[in-house]
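Everything on this sheet refers to the single structure shown next.
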Amino acid sequence: MDEENLEDLKRLVSLLSDRQALDLLLVVTGSRPACLIMDPENEAKQELVEFCDSCSLYYKMEEERSQGLGKEGFFVAVEEKRLEELENSEGRFYGLSDRHVGNFLGFPDEDIAYFHENVREGPVEQETREKKAELLSNGEISDRQAEISEIVSYVPKPSAKCIKRASRRGMSYLEDVKNFDSENDTEVGSQVLEDFLGRPVNFSESE
């Protein structure tokens, strides 16, 4: 990434929430194929447009068309074709189906299905938290794995398989961010991760 775009990225992440900044960073590092910035402020939205244009990222803004979730979604993709997933879709995510949004974002099919089948009954996170606590208590996952699974921006299905997969994805994201900072002689990636996790990131820490 050239110096101008790197400075733009630093400015942009300061305008986003910790979650939004991390999701965008993971697209920039090549960790993820796409992200969704939910209800960006006007200043951030303009910066997003300019940043995507200068970095050859594709984007689409969707406004809520019914009584659903949020007012405006800013969808960012590495490849333009991925935006086709959002066409002819209807649902609660800015007028789009949560299945289509999940596919656009590149989430695992099992986790998309779990979310879709359960979200209308209320928040889906608690069951996954309880399963994660169970896996921690019986030694199937470590504290490190449990924490790093939070880096992914979907709710894993409450099974050992899906939670461990989320942790593996999170670890691969850490490696990509580490490489991004090293290649660009910056600390923007580690700072975004630190803001999200609430503590400095030790990239050499084992699982």
* Report, in debye and to the nearest 20, how large the dipole of segment 90-207 comes out about its Cα centre when Lys and Arg carry +1 and Asp and Glu carry -1 on their Cβ. => 420 debye
* Using the structure shown, list the pairs from K45/K131; K10/K164; K10/K45; K10/K60 with a Cα-Cα distance above 26 Å, or answer none. => K45/K131; K10/K164
* GluC sites (Glu not before Pro), restricted to segment 107-140: which are DSSP loop and have at most 15 other Cβ atoms within 10 Å? -> E140
* Express the Stokes-Einstein translational diffusion coefficient of segment 3-197 in µm² s⁻¹, to the nearest whole number, given a Kirkwood radius over alpha-carbon pairs, 10 °C and a viscosity of 1.306 mPa s. => 91 µm²/s
* **For R92, residues with placed amide H under 5 Å, excluding near neighbours** => D98
* Asked: Within the chain, what percent of beta bridges assigned by DSSP are antiparallel, to the nearest 5?
  -> 90 percent
* Within segment 156-191, GluC sites (Glu not before Pro) in DSSP loop having at most 15 other beta-carbon neighbours inside 10 Å -> E187
* Asked: Contour minus end-to-end for R129 and K45, with contour as 0.36 nm per residue of separation and end-to-end as the Cα-Cα distance?
  -> 27.0 nm
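Find how much the distance from N88 to D18 grows on full extension, using 0.36 nm per residue of separation minus their present alpha carbon separation; answer in nm with one decimal.
On the way: separation 70, 0.36 × 70 = 25.20 nm, distance 3.08 nm.
So the chain would gain 22.1 nm between N88 and D18.
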* To do: Using +1 at the Cβ of each Lys and Arg and -1 at the Cβ of each Asp and Glu in the chain, identify which of V27, L16, H116 lies farthest towards the dipole's positive end.
  => H116
* Say we join alpha carbon atoms closer than 10 Å with springs in a Gaussian network model of the chain; which of K157, K60, K178 then has the biggest fluctuation? -> K60
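Treat every Asp and Glu Cβ in segment 3-197 as -1 and every Lys and Arg Cβ as +1, leave all other atoms uncharged, and give the resulting dipole magnitude about the Cα centre to the nearest 20 debye.
Numbers: 24 positive and 44 negative charges, 180 e Å.
In total the dipole reaches around 860 debye.
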* Structure fact -> GNM of the chain, Cα pairs under 10 angstrom: of S167, S153, S14, the biggest fluctuation goes to S14
* Asked: Of D39, D109, D18, which has the largest mean-square fluctuation in a 10 Å C-alpha GNM of the chain?
  -> D109
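What do you get for Rg/Rh of segment 14-68 when both radii come from the Cα atoms and Rh is the Kirkwood radius? Please list the in-between numbers first.
Numbers: Rg = 11.6 Å, Rh = 12.0 Å.
My calculation of the ratio gives 0.96.
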* To do: With only alpha-carbon atoms counted, please give the Rg and Dmax of segment 19-104, in Å.
  => 12.1, 34
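Where a number appears in this text, it was derived from the coordinates with a stated rule and is not lab data. Computed from a predicted model, the values in this text were never measured in an experiment. All Cβ positions, glycine included, derive from the backbone under ideal geometry; neighbour counts span all protein chains shown.
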